[in-house]
Amino acid sequence: MNTDASTTPRALATEAVHAGREDLAALGVHSVPLDLSTTYPSYDSRAEAARIDAFAATGARPEGPPVYARLDNPTTARFEDGLARLEGAESAVAFASGMAALSAVLLARASAGLRHVVAVRPLYGCSDHLLNAGLLGTEVTFVEPDGIADAIRPDTGLVMVETPANPTLAEVDIRAVARSCGQVPLLVDNTFATPVLQRPLEQGAAIVLHSATKYLGGHGDVLGGVVACDEEFARTLRQVRFATGGVLHPLAGYLLLRGLSTLPVRMRAQSATAAELARRLAADPRIARVHYPKLGGAMVAFEVYGDPHAVIAGVRLITPAVSLGSVDSLIQHPASISHRIVAEGDRRSSGVGDRLLRMSAGLEDVEDLWRDLCEALSAAGAARPVSLPAPLPLPAHVRDAAARPQRTAAR
Ligand SMILES: *Cc1c(COP(=O)(O)O)cnc(C)c1O
C-alpha cells in the first residue's frame, strides 16, 4: 500500500486545509507567517542584480527573499499554491482584485500581439465593460457558444466564458467550448462555481480566473483576484504584475489562504440553502422565473412580477448590497448595480432584464432567509399581476353551453 503522503492524491477538503501550509510544522509554527515587508535587505548587490535578471528573463518566482514586494511575497505565494492545488493547476498568480487579474491576462496576451478576444455573454458587468470599451487596447467579438470557432481570427489571443454566469447563472458546456477554441486558450471565470463544484482545467480550459473577493475569501472583508494556469503562462503574468503593480496585499493573501480552508464546507452549506430557496421561489406566485444552475451553487437569481426595487428596499436580514459569496446573504438588482455599466441593449439581450434580482445565499438558517424574502416580496406588492391578458371572448355556442345548468355525468 502506498502511504507516501506526497504522492497519494488527497481529497479537496483535505487540500483546502493543508495546501500551501505543508512546511509549517517544520518551521515550528502552526499559523501562517504574515510577511508585510515591502523590501528585503541584502548586502550583496551583485546577487540582487542576478536575481532581477533571472526574473526579467523567465518570470519564475525568485529563490529566497523577493527583493521587493511588487515582485513576490511569501504569504501571498502560499495562497497561490493552495488555490493552484484546488484547481488542479501547475501555478497560480494572485492580484489586487478580480479585475486586476483579468487585466493582467489581457495584457499578457496583447503583449504577444494577440489583441482579439472572443467572449460569451453574459459576463460580470465590469468584465464586459473592460472588453467592450477596449480600455487595454484589445478588441472583442461577443458570440453564442456555438459561434466561437467561426469568430476566431489569427490574432485571437483568448476565448472567455463565465459559467455559471453573473448574474443570470447561464451555463456553458466547458468541454464543448474548449474543443471549438482550437489552439486559442480558453479562460473560464470560475468565481461562481469555485473548484468545489467545477474544475475547468480538467475539462479543457487553459486559464481559470477568480474574483477571490467572493467565495475564496468568503467573509466580505478582502478584495483579491487569482489566475490558475500552467507555469509558462504564470511566468508571463508575474512579469506583467511586476510591471503594472496590481499586486495582492499580503494581509489579503493571508485572509484568502484562510478562506480556502473552509471553502468546501461553506460551498456545500450555502449551495444547499440556495437550492432550497430556488425550489420555493419556483413555486411562489410572486415570482415570474427562477434561475438556478444545473451544477448547483450558492447563487440564485429570479425575476419578480412586482417592483424589484421595492424588494431590495424591503429586506431586513438579507443585506441589500452588490458582491456575493460571503457567509451572510446579499441581494442586489443587476440592472442597477453589478451590470449598470453594460449598455442597456447589451444588458437586455444577454438576459439581464429589469425585473431580475440576484441573491447570494449565506450561512443563515434557510427558514429565516425565506421569511425575510417573503416579507420583502409581499411588502413590494410583488404578486402575479391581476391584469393578466383578458381572455378572448368565447364563441357564442360555447358561451351558451357554459351558461346552461351542468347535467351530472350519468354515463
Ligand atoms: C466580482 C466579479 C469579478 C470582478 O472581481 P473584483 O474582485 O470585484 O475585481 C469578476 N468576475 C466575476 C464573475 C465576478 O463576480
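The values are calculated or read from the model by the stated rules, or taken from the named source; none is laboratory data. Predicted model only: the values in this text are computed from it and were never measured. Quick reminder, even Gly has a Cβ in these numbers, built from the backbone with ideal geometry, and neighbours come from all protein chains shown.
Number of residues in segment 270-317 that are at positive phi and surrounded by fewer than 22 Cβ atoms within 10 Å (Cβ to Cβ) equals 1.
Residues checked against (1) at pLDDT below 95; (2) assigned to a helix (DSSP H, G or I); (3) of a type in the set (G, A, S):
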position	(1), (2), (3)
S6	yes, no, yes
P41	no, no, no
P62	yes, no, no
E80	no, yes, no
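The single residue among G59, G20 that is touching a helix residue (DSSP H, G or I) at 6+ places or on another chain (Cβ under 7 Å), under 30 Å from Q183 (Cβ atoms) and surrounded by 15 or more Cβ atoms within 10 Å (Cβ to Cβ) turns out to be G59.
Of all the criteria given as (1) farther than 13 Å from E139 by Cα; (2) within 16 Å of the ligand (Cβ to nearest atom), the one not satisfied by R85 is (2).
Scan segment 136-154 for residues that are part of a strand (DSSP E or B) and among the charged types (D, E, K, R) and the total you get is 1. Set side by side, the residues D72, D81, D35, D53 differ, and just one is exposed (fewer than 13 other Cβ atoms within 10 Å of the Cβ), of a type in the set (D, E) and over 30 Å from I148 (Cβ atoms), which is D53. The residues in segment 277-319 that are closer than 13 Å to P167 by Cβ and out of contact with any strand residue (DSSP E or B) (no Cβ under 9 Å at 6 or more places or on another chain) can be counted, and the count is 1.
Considering P293, P334, P264, the condition of being of a type outside the set (A, V, I, L, M, F, W, C), within 16 Å of the chain's Cα centre (by Cα) and under 30 Å from R61 (Cβ atoms) is satisfied by P264 alone. Checking each residue in segment 305-339 for being aliphatic (A, V, I, L, M) and closer than 18 Å to L277 by Cβ picks out V311, I312, V315, L317, I318, A321, L324, V327, L330, I331. The residue that is farthest from P122 (Cα to Cα), counting only those in segment 258-290 that are part of a strand (DSSP E or B) and touching a helix residue (DSSP H, G or I) at 6+ places or on another chain (Cβ under 8 Å), is I287.
Among the criteria (1) closer than 27 Å to L186 by Cα; (2) touching a residue at least 24 places away in the same chain (Cβ under 8 Å); (3) not small (G, A, S), the one P9 does not fulfil is (2).
The residues of segment 90-117 that are among the hydrophobic types (A, V, I, L, M, F, W, C), more than 9 Å from the ligand (Cβ to nearest atom) and either in a helix (DSSP H, G or I) or touching a Cys at 6+ places or on another chain (Cβ under 6 Å) (or both), listed by number, are A104, V105, L106, L107, A108, A110.
Which ones in segment 155-168 are more than 11 Å from the ligand (Cβ to nearest atom) and not in a strand (DSSP E or B)? Within segment 155-168, D155, T168 qualify. Farther than 30 Å from L71 by Cβ, hydrophobic (A, V, I, L, M, F, W, C) and touching a residue at least 60 places away in the same chain (Cβ under 8 Å): is that true of A282 in this structure? No; evaluated as a whole, the condition is false for this residue. Quick one: R121 ticks every box in (1) among the basic types (K, R); (2) within 19 Å of the chain's Cα centre (by Cα); (3) within 22 Å of L248 (Cα to Cα) bar one, so which box is it? Exception for R121: condition (3).
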